[in-house]
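Student: The structure is given below, and queries will be raised subsequently.
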Amino acid sequence: PDALPISGIDVVRDVDRWLHEQWVDKVPTGLFHLDNHLDGGLGKGELGVILAPTNRGKSTALMNIAYGAAGLLSKKNVIIFTHEMRPKTYAKRFGARLTFRFPGRYDDLDNYEEDFIRAARLLMPGSVRIIGGARKMTTAEIESNIKQLIDEGFVPDLMVDDYGDLIVPARQYKQRR
């Protein structure tokens, strides 16, 4: 239905085809000031990039964006690809984000698990899947992971890649690209 005719889109005549869609189906990032600047969040098909020096909170910001997308406002399914951290480490940080605390060494983990599940059911109706472990992934590996999740019934609405510069092309070229 959204396919454009071969002749393209006439900027003036087809204004109804492009003008209003920029505010439709926005995915809030959960970061109020960023959502304000983005007129509600990221739009379908948009790419958001977070750049900062080392140890400045990029992974935490991306986790908050994933949480915002899976949270009460959007209820989206989110895939997080992590190349820097192990998925279990990322999940523990996500748990701390939801419960506002990390489990301590001597805490009752069963109690923490109950608190986490209660908070997730209340605050995060969407789902989050964390994939990673390898330092570098090819674009083909990422695509394969997404297809596998779709085959399992998990259809992603948002993909977050923590450390996108560790994505490598599936094949190498002699030319500099």
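Student: Tally up the residues in the stretch 145-164 that are in contact with a strand residue (DSSP E or B) (Cβ under 9 Å, 6 or more places away or on another chain), modelled with pLDDT of 90 or more and either among the aromatic types (Phe, Trp, Tyr) or in a helix (DSSP H, G or I) (or both), please.
Tutor: Final tally of qualifying residues: 4.
Student: If you scan the stretch 126-145, which residues turn out to be in contact with a helix residue (DSSP H, G or I) (Cβ under 8 Å, 6 or more places away or on another chain) and either crowded, with 16+ Cβ neighbours inside 10 Å or within 17 Å of ILE65 (Cβ to Cβ) (or both)?
Tutor: GLY126, SER127, VAL128, ARG129, ILE130, ILE131, GLY132, MET137
Student: Another one. Taking the stated definitions as given, is THR29 within 23 Å of PHE81 (Cα to Cα), over 12 Å from the mean Cα position of the chain (by Cα) and open to solvent by less than 100 Å² (accessible area, probe 1.4 Å)?
Tutor: no
Student: Sort out which residues of the stretch 100-125 are open to solvent by less than 60 Å² (accessible area, probe 1.4 Å) and either in contact with a Lys or Arg (Cβ under 9 Å, 6 or more places away or on another chain) or part of a loop (DSSP other than H, G, I, E, B) (or both), and write them in order of number.
Tutor: Within the stretch 100-125, PRO103, GLY104, TYR112, ASP115, MET124 qualify.
Student: Which of (1) in contact with a helix residue (DSSP H, G or I) (Cβ under 6 Å, 6 or more places away or on another chain); (2) exposed (fewer than 15 other Cβ atoms within 10 Å of the Cβ) is the odd one out, the single condition GLN148 does not satisfy?
Tutor: With respect to (1) in contact with a helix residue (DSSP H, G or I) (Cβ under 6 Å, 6 or more places away or on another chain); (2) exposed (fewer than 15 other Cβ atoms within 10 Å of the Cβ), GLN148 is out only on (1).
Residue by residue, here is whether (1) open to solvent by 20 Å² or more (accessible area, probe 1.4 Å); (2) in contact with a Leu (Cβ under 6 Å, 6 or more places away or on another chain); (3) assigned to a helix (DSSP H, G or I) holds:
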position: ASP39; (1), (2), (3): yes, no, no
position: GLU46; (1), (2), (3): yes, no, no
position: ILE50; (1), (2), (3): yes, no, no
position: ARG56; (1), (2), (3): yes, no, no
position: THR60; (1), (2), (3): yes, no, yes
position: ILE65; (1), (2), (3): no, no, yes
position: ALA69; (1), (2), (3): no, yes, yes
position: LYS75; (1), (2), (3): yes, no, no
position: PHE81; (1), (2), (3): no, no, no
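Student: Quick check on GLY95: is it among the small types (Gly, Ala, Ser), part of a loop (DSSP other than H, G, I, E, B), open to solvent by less than 70 Å² (accessible area, probe 1.4 Å) and modelled with pLDDT of 85 or more?
Tutor: In short, no.
The values are calculated or read from the model by the stated rules, or taken from the named source; none is laboratory data. A quick note: this is a predicted structure, and the numbers were derived from the prediction, not measured. Virtual Cβ from ideal backbone geometry, glycine too; neighbours counted across all protein chains shown. Areas reflect the complete protein model, heavy atoms only, side chains present, ligands, DNA and RNA absent. Shrake-Rupley method; radii C 1.70, N 1.55, O 1.52, S 1.80 Å.
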